[in-house]
1. Could you count how many residues in the range 7-21 are hydrophobic (A, V, I, L, M, F, W, C) and at pLDDT 90 or above?
2. Residue check: is residue 60 out of contact with any helix residue (DSSP H, G or I) (no Cβ under 8 Å at 6 or more places or on another chain), exposed (fewer than 12 other Cβ atoms within 10 Å of the Cβ) and either at pLDDT 90 or above or aromatic (Phe, Trp, Tyr) (or both)?
3. When you check residue 72 against the structure, is it out of contact with any helix residue (DSSP H, G or I) (no Cβ under 6 Å at 6 or more places or on another chain), modelled with pLDDT of 85 or more and exposed (fewer than 12 other Cβ atoms within 10 Å of the Cβ), yes or no?
4. Any residue at all in the range 81-89 that is surrounded by 11 or more Cβ atoms within 10 Å (Cβ to Cβ), among the hydrophobic types (A, V, I, L, M, F, W, C) and free of Cβ contacts under 8 Å to residues at least 24 places away in the same chain?
5. Residue pairs, Cβ under 6 Å, 6 or more apart or interchain, first in the range 28-53 and in contact (Cβ under 8 Å) with a residue 24 or more places away in the chain and more than 16 Å from residue 70 (Cβ to Cβ), second surrounded by 12 or more Cβ atoms within 10 Å (Cβ to Cβ) and of a type in the set (A, V, I, L, M). List them.
6. With respect to residue 50, is the statement that it is at pLDDT 80 or above, farther than 17 Å from residue 72 by Cβ and surrounded by fewer than 13 Cβ atoms within 10 Å (Cβ to Cβ) true?
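The values are calculated or read from the model by the stated rules, or taken from the named source; none is laboratory data. Being a predicted model, the structure only gives us computed values, none of them experimental. Reconstructed Cβ throughout: ideal geometry from the backbone, glycine too, with neighbour counts over all protein chains shown.
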Amino acid sequence: MLSTGSDRRSFDLHFTLTALDLYLLEGPVALVRVCLGILHALQPDLLTLSYEETLVFMKSFQGFNFTTDTEVFFTQCLRDFPVNRALLD
């Protein structure tokens, strides 16, 4: 869940705190899973773009609307993306 402030983009507080909790519990594996979850949610949009358009989209990303609540999103990230420490080393 991204919210746009004046000139800054930031995640909403609940999303950020949940991601931080997961990071403290599971380490960098949790952050990789969350990033994969965000990319998965953006996949329909990203697949319609060329490489250059994708770079512009990611650089000028202004917001993200979740279709599910935060808990469901994180549960899906942890379940659907089997990343482990060995893959990151």
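1. To start, the set of residues in the range 7-21 that are hydrophobic (A, V, I, L, M, F, W, C) comprises 11, 13, 15, 17, 19-20.
Narrowing further to those that are at pLDDT 90 or above: 20.
The total comes to 1.
2. On the way: out of contact with any helix residue (DSSP H, G or I) (no Cβ under 8 Å at 6 or more places or on another chain): yes; exposed (fewer than 12 other Cβ atoms within 10 Å of the Cβ): yes; either at pLDDT 90 or above or aromatic (Phe, Trp, Tyr) (or both): no.
No: the conditions fail for residue 60.
3. Numbers: out of contact with any helix residue (DSSP H, G or I) (no Cβ under 6 Å at 6 or more places or on another chain): yes; modelled with pLDDT of 85 or more: yes; exposed (fewer than 12 other Cβ atoms within 10 Å of the Cβ): yes.
Yes: the conditions hold for residue 72.
4. No: zero hits.
5. Matching pairs, first to second residue: 29/83; 32/83.
6. Values: at pLDDT 80 or above: yes; farther than 17 Å from residue 72 by Cβ: yes; surrounded by fewer than 13 Cβ atoms within 10 Å (Cβ to Cβ): yes.
It is true that residue 50 is at pLDDT 80 or above, farther than 17 Å from residue 72 by Cβ and surrounded by fewer than 13 Cβ atoms within 10 Å (Cβ to Cβ).
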